[in-house]
Structure formats: C-alpha cells, structure tokens
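Accompanying notes for the structure given below.
The values are calculated or read from the model by the stated rules, or taken from the named source; none is laboratory data. The model shown is predicted, which means the values in this text are computed figures rather than measured ones. Every residue, glycine among them, receives a Cβ derived from its backbone with ideal geometry; neighbour counts consider all protein chains shown.
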Amino acid sequence: MKNSESFICNFYKIPFRCGLIVISLTISVQRAKAQHSSICADTNCHDTTTIVYLPCFSQCPITVHWIWRICNGEKEIIIGVMSWKFNDPICSTLTNYAFPTGFPIGDQFAMEEIIRQCFNQIVLNDFMNEYNTLPSNSKYILECPNNGKKYLSTYSTCNEKCIYASPPNEYGLFSVYYTPRACGQECCKITRTLCYNKIYNRVDIIEKREKTGYSQPFQCNPRLDPCPSVIYLDSSPTNTTGIPYNNFGHTDCASFCE
C-alpha cells in the first residue's frame, strides 16, 4: 500500500508525523449535488463541508466540499471542491506544493495527491467515530484482519482540475478553489477498506483502484463538460445566490487510476 503522507513529506524533506486530524464537520448545500449520478438505488445525497489539516501542512486549514450516500450498504463519497487561503503565510508550504510556479498554474499530480489525502482523513474520521461508539463486544466487526468497512468513490479515470479564486479580503488574502473535471468517458472506481489493527493500535487503509470500462459521461463524476466560468458555493442548484468564484484556468488532463 502506497504511503501518500510520506510522499508529500519527502517532497518537502519533512519528517513524517503519524496521526490524522479532521475537525469541524458541518452541513452545506452545493451545486455538486446536481452533478452526482444515480448509480445505485439510494439517491439521498448528503452535502457536507469539512475542515481538514494534513499532517505535513498542519497549520493550514483546507476546506473540503463533498457529498456522500449509502450505496448497496457501503458509503460512497465524492469530493467536490477543495480550497484554502492561497497567500496566507501559514499555508505557504501547501501553496508551493500545489502551485510550484505560482497562481494559477497548478501541478496536476500534487493537487490530486491533496484530494487523496483529504479523502483518507475524512473516511478515517468517519471510521473512528463509528468504531468508538460500538460496544466493546461488537468492535470486532471493524477489526483486522477479517473485518472492516469499505468506502467507495467513482471518478473519471482521466481528469483535470478547474481552478477558481475568491476576491481578496480586507487583508489582501484570497482563497484558491479547485475541483476535478472529466477529460474522458472511462471511469475509475476507488475502494478504500479500513480496519482497526489491535496489535499496533492503528487504522489500516487498503486502497484499490480499478477501471470500470467506458460509460456515458453522466455516470462518471465529475461530468464531461468544460470548466464553468463561475462556481457558486453555499447555494443550491436552483438558487445561485451564493458567493461567485471566477475561473482562472485549469491543469492538463492526466490519468490517476494506475
């Protein structure tokens, strides 16, 4: 299993620190809900915003807009929009990692790795909440090596990142936003299986990626269409009264299902 945290830390020569931190879980309404495809019987999507701190960028809060639902008894999650204060000094290491040549030219692979790590922290937090609430005689259903919990996500195998920014605030700080956009019709199904390892007192995460063949664009998330010129957060699909964020470009297309 690839250790993505070590990948990021080694990139910056930062020693890997154990422990994943996720705080401030709140409900938000997002336009991503309208793009979510109906691939199972449960179409009851939950719009959520989470503030995530990655171990190697522990001072910089990353806001993750995502949706989830229960699909055939398993939790399916789609990451919608990522954002942080681009020119805030506490986020400089993260900003330099994602935008090594400056705004708005983002590094596709670094931005994908940030999505991956935020996803892992979200599912870890969800898993531990469930594990800690189980009575002691039932915890075995989430424990290694024979049990655990699966989290699913389906994206376009080949995608790019659409990049947006907020207007500067009174201190001159602005936030950068990015969201994946499909470049092709082939889907990538990502399955993360989590189980609690009692021997080492840790959560083990096993990730499996598999291509699911060619499908109609609406069956892959994000949908196959150009970057919108404006996105609205904290708004519903029929009410765009949220704050508009203008598009400043996009990364190249790249495949992430290998």
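Close contacts from the range 244-258, counting a first residue that is closer than 11 Å to residue 209 by Cβ and a second that is charged (D, E, K, R), with Cβ to Cβ under 6 Å and a gap of 6+ residues or different chains, come to 256/112; 257/209; 257/211.
What residue, of 151, 155, is among the hydroxyl-bearing types (Ser, Thr, Tyr), within 18 Å of residue 73 (Cβ to Cβ) and touching a strand residue (DSSP E or B) at 6+ places or on another chain (Cβ under 8 Å)? Quick ask: steps written out before the conclusion?
Details: 155 fails: within 18 Å of residue 73 (Cβ to Cβ).
Every option except 151 fails the conditions.
Among the residues making up the range 229-258, those that are modelled with pLDDT of 70 or more, assigned to a loop (DSSP other than H, G, I, E, B) and surrounded by 15 or more Cβ atoms within 10 Å (Cβ to Cβ) are 251, 253, 256, 257.
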